[in-house]
Amino acid sequence: MTTITSPVRVRSDRLLRLALRADALISGTGGVILAAAAGAVASESGIPRTAVYVLGAFLVGYGVAVYGLSTMAAVRRPGIAVAIANVVFTVAAILAVVDDVWPLTATGVAMMIVSAVYTLAMAELQYQGVRRA
């Protein structure tokens, strides 16, 4: 008797772990740089210095948390949460520009748009990783 078997689908969470770790490293490093250069960033961008410090501290904490999530045995659910957080940050960055939350300079607008593109790209990469995991 002949047995017909279907190909086994092998799931891998490697892409998701890589995407989470890349996001953690880039965000954490960006947070350190923002905090270290808060005065210069504030004067060039139009974002208040206090907001730059808060954003820098948030990004450092976010980086640590996301890296911790990337080391968990099961990363699919944390990956979904991080991807959603990145989409939320993308929307927030765009709204900050559109709603004139701060008196942004051209450099500030560019920074917000670049951060929105970055977080949307990370969300997409994490989404693709979730689909494979």
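The values are calculated or read from the model by the stated rules, or taken from the named source; none is laboratory data. Nothing here was measured: the structure is a model prediction, and the numbers come from that model. Backbone-built Cβ (ideal geometry, glycine too); neighbour counts: all protein chains shown. Side chains included, ligands, DNA and RNA excluded: accessible areas come from the protein's heavy atoms. Shrake-Rupley method; radii C 1.70, N 1.55, O 1.52, S 1.80 Å.
A Stokes-Einstein calculation at 10 °C with viscosity 1.306 mPa s, built on the Kirkwood radius of the chain over Cα pairs, returns a diffusion coefficient of 99 µm²/s.
Calculated accessible area for the stretch 34-102 comes out at 56 Å² per residue, all protein chains present (probe 1.4 Å; ligands, DNA, RNA ignored).
Put the Cα centre of the stretch 96-133 next to the Cα centre of the stretch 26-45 and the gap is 16 Å.
Simple point charges give the picture: +1 on the Cβ of Lys and Arg, -1 on the Cβ of Asp and Glu, and for the chain a dipole about the Cα centre of about 800 debye. Each Cα pair under 8 Å and six or more residues apart adds its separation to the average, and for the stretch 46-133 the resulting relative contact order is 40 percent.
Per residue, the chain reaches -27000 deg cm²/dmol at 222 nm when only DSSP H runs of four or more residues are counted, each adding -39500 (n - 2.57).
If you run the Gaussian network model on the chain, springs between alpha carbon atoms under 10 Å, then out of 112, 122, 72 the most flexible one is 72. Only protein atoms count toward the accessible area here, which uses a 1.4 Å probe; on the stretch 58-133, the carbon and sulfur part of that area reaches 75 percent.
In order along the stretch 12-22, phi translates into HN-Hα couplings of 9, 9, 4, 4, 5, 4, 4, 5, 5, 5, 5 Hz, rounded to whole numbers, per the Karplus curve 6.51 cos²θ - 1.76 cosθ + 1.60 with θ = phi - 60° and x for Gly and Pro. Stretching the chain fully between residue 109 and residue 54 yields a gain of 18.0 nm (0.36 nm per residue, less the alpha carbon separation).
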